[in-house]
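**Student:** Take a look at the following structure, please.
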Amino acid sequence: DTEVTQTPKHLVMGMTNKKSLKCEQHMGHRAMYWYKQKAKKPPELMFVYSYEKLSINESVPSRFSPECPNSSLLNLHLHALQPEDSALYLCASSPIQGASDTQYFGPGTRLTVL
Amino acid sequence: GENVEQHPSTLSVQEGDSAVIKCTYSDSASNYFPWYKQELGKRPQLIIDIRSNVGEKKDQRIAVTLNKTAKHFSLHITETQPEDSAVYFCAASIPDRGSTLGRLYFGRGTQLTVWP
């Protein structure tokens, strides 16, 4: 398996809902990332997990809560989101080979917050 | 942190012509430079990358050049086809402090349109 997969593809939620995004890879990568991407903009880094431990949090609001249950899975728990949080949420993984890592992106979850 | 500038923001070419997208970076510690292609509604897809110990790399119609002294790198697409139409992002990777992870800093993107 040489791909990063994400579920669901689309998600519509209200501001009071709790939902989760899921990301999975079976390439043996030990770094996993969450990005947020608005239309016509580059991906913005949110979180990085390295060996299942949170290593980077880009000052993301606490209504976004990441979780890495094992080396293949990455979740993003969502609670009390705002309409401006509507975006494409991308997961990526990389093999950790020194500093020069190739990041492979999943297809993303298109999130709409009503 | 790193600052990556990308130009132009939009580029229109006729099918068969060449397209060039240029990026500059600010931090000399950056050592890995990938290019991603993103079609509408799709994931960013790595199309080519270059590391700081190499000046040029080619893969069929796509080539990337790197000038470390001037801190700039460029994507060259020859014999463009309509299916090359997409947003292209350059990025620079710099080691994150206190870790061995490379962290990507993206340019703002170039919308390439290839007219048949």
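**Student:** Collect the residues in the range B:37-53 that are more than 9 Å from chain A (Cβ to nearest Cβ), more than 15 Å from B:Val114 (Cα to Cα) and buried (at least 16 other Cβ atoms within 10 Å of the Cβ), keeping them in residue-number order.
**Tutor:** B:Ile47, B:Ile48, B:Ile50
**Student:** Still on this structure, please answer the following. Would you point out the residue of the range A:18-36, among those that are under 20 Å from B:Leu101 (Cβ atoms) and more than 13 Å from the chain's Cα centre (by Cα), that is surrounded by the fewest Cβ atoms within 10 Å (Cβ to Cβ)?
**Tutor:** Result: A:Gly28.
**Student:** Run down B:Pro34, B:Pro116 and say which single residue is in contact with a helix residue (DSSP H, G or I) (Cβ under 8 Å, 6 or more places away or on another chain) and either at pLDDT below 95 or facing chain A (nearest Cβ under 8 Å) (or both). Before the answer, list the steps.
**Tutor:** Numbers: B:Pro34 fails: in contact with a helix residue (DSSP H, G or I) (Cβ under 8 Å, 6 or more places away or on another chain).
Selected residue: B:Pro116, the only one of B:Pro34, B:Pro116 that is in contact with a helix residue (DSSP H, G or I) (Cβ under 8 Å, 6 or more places away or on another chain) and either at pLDDT below 95 or facing chain A (nearest Cβ under 8 Å) (or both).
**Student:** I've got another one for you. So A:Ser55 passes all but one of these: (1) more than 9 Å from chain B (Cβ to nearest Cβ); (2) more than 12 Å from the chain's Cα centre (by Cα); (3) in a strand (DSSP E or B). Which condition number does it fail?
**Tutor:** Only one criterion is unmet by A:Ser55, namely (1).
**Student:** Okay, moving on. Which members of the range A:68-114 meet the condition of being without any contact (Cβ under 8 Å) to a residue 24 or more places away in the chain, part of a loop (DSSP other than H, G, I, E, B) and either within 24 Å of A:Met15 (Cα to Cα) or not hydroxyl-bearing (Ser, Thr, Tyr) (or both)?
**Tutor:** Within the range A:68-114, A:Gln97, A:Gly98, A:Ala99 meet the criteria.
The values are calculated or read from the model by the stated rules, or taken from the named source; none is laboratory data. On a predicted model such as this, the values are computed, not experimentally measured, just so you know. In this analysis, Cβ positions are derived from the backbone assuming ideal geometry, glycine residues included, and neighbour counts consider all displayed protein chains.
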